[in-house]
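The block underneath contains the structure these notes are about, expressed in structure tokens.
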Amino acid sequence: MEREHKIQIWINAALLLFFGALFIIGTFTDEAVAGAIYSPGNTVVAVITALGLYPFTAAAMLFIGSLCERAVHCEKSKPIKVLLCGLCCLLALAGGIAGGYFLLEKNSFGFLFPALNKNIPAILAVSVIFVCPMFVFGYRAAKNTRDKLLAKRVIGLIVILLISIIAMQVLKHSFTRPRFRTVAVGYEGIGFVPWYTPFPGSAELSELYGLNGDEFLSFPSGHSILSVCTMFILPCLSWLLPKLKDKQVTLFWAGLIFGVIIMFTRMVLGAHYLSDVSAGAIIGTVLSLVFTLIQIRISGRERQSLS
């Protein structure tokens, strides 16, 4: 596993250079690139981009389930077990609802079916049908693994996933860049602005034209951050599925390809510019690098304790 982690570190370093170059290119060519590939009526692309956050939300529930299994069978006292299981269940509840919301919000399936956007019954239904079952699967899968480090590994993963969501929200609300699809409509007072240029008056313009405030959260791309995180999420499946133990690098590449596809779909739909998606990819890659270093440290401490 240490070899796979080292390979992932080198790939992450190369990706930082690649996405950094795209970010610089996008900073100077955003408007031209966006205008060239914008295709708002592309249903296939809309379906693909709607699925962009599912691996993130499903994996979160999967590994929370595995953590709950470890809490149930840990060697702590009964009150501590109850407390730990309760925390896992609360985290799963929050994750399930958030997952349903992400899948049905305006930039996912809510784009295709507007009636589902912020529809509480629909969010709960999607959570119960498509997200929460992963909790049960993770719980059952954890029972079949003897990895003594599983709980520590999962905690490290969940912390990074939470950081990715926090970083996404903080950064998106620190910038008020209009999305290209909104600029393309031609509203007076809403034109193209680079990511580094402040855009005042977004609240007033949203009210004036009846726009959702989300239309001014173009930078950075949240879909890109969370979908690129798939490149370190997928290799973690080997913790629960032993048959994937020798497939970590392959899973890493599969996650990266998935993330790049989602990045492209976001630009095609006019939801983001090249600099938006590349900035999101940089953030996701940094998180991937930090996650890998955390896992190496966890494994290293275990080897020291055994020596």
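The values are calculated or read from the model by the stated rules, or taken from the named source; none is laboratory data. Quantities reported herein were computed from a predicted structural model and do not represent experimental measurements. Here the Cβ positions follow ideal geometry from the backbone for every residue, glycine too, while neighbour counts run over all protein chains shown.
Quick look at the numbers
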quantity: Matching entry among T49, T27 (being buried (at least 17 other Cβ atoms within 10 Å of the Cβ), outside any loop (DSSP other than H, G, I, E, B) and polar (S, T, N, Q)); calculated: T49
quantity: Pick from segment 238-264, criterion in contact (Cβ under 8 Å) with a residue 60 or more places away in the chain and aliphatic (A, V, I, L, M), ranking: surrounded by the fewest Cβ atoms within 10 Å (Cβ to Cβ); calculated: L241
quantity: Hey, D214 in a helix (DSSP H, G or I), touching a Ser or Thr at 6+ places or on another chain (Cβ under 6 Å) and either in contact (Cβ under 8 Å) with a residue 60 or more places away in the chain or among the aliphatic types (A, V, I, L, M) (or both) or not; calculated: no
quantity: Index of the failed condition, I165 passing every other in (1) out of contact with any Pro (no Cβ under 9 Å at 6 or more places or on another chain); (2) within 27 Å of F258 (Cβ to Cβ); (3) buried (at least 20 other Cβ atoms within 10 Å of the Cβ); (4) of a type outside the set (D, E, K, R); calculated: (3)
quantity: Number of positions in segment 180-209 that are in contact with a Leu (Cβ under 8 Å, 6 or more places away or on another chain) and either free of Cβ contacts under 8 Å to residues at least 12 places away in the same chain or part of a loop (DSSP other than H, G, I, E, B) (or both); calculated: 3
quantity: Members of segment 224-246 found to be farther than 24 Å from C68 by Cα and at pLDDT below 95, listed by number; calculated: D246
quantity: Residues within segment 96-113 that are without any contact (Cβ under 8 Å) to a residue 12 or more places away in the chain and not in a loop (DSSP other than H, G, I, E, B), tallied; calculated: 1
quantity: Residue identified as surrounded by fewer than 24 Cβ atoms within 10 Å (Cβ to Cβ), among the polar types (S, T, N, Q) and either in contact with a Leu (Cβ under 8 Å, 6 or more places away or on another chain) or closer than 27 Å to L171 by Cα (or both) among T292, T230; calculated: T292
quantity: Residue match in segment 114-127 (condition: touching a residue at least 40 places away in the same chain (Cβ under 8 Å) and either small (G, A, S) or in a helix (DSSP H, G or I) (or both)); calculated: no
quantity: All positions within segment 52-81 that are farther than 21 Å from F130 by Cβ and part of a loop (DSSP other than H, G, I, E, B); calculated: H73, C74, E75, K76, S77
quantity: Within segment 246-275, considering residues that are in contact with an Asp or Glu (Cβ under 8 Å, 6 or more places away or on another chain) and either charged (D, E, K, R) or not in a helix (DSSP H, G or I) (or both), the one nearest to A21 (Cα to Cα); calculated: Y273
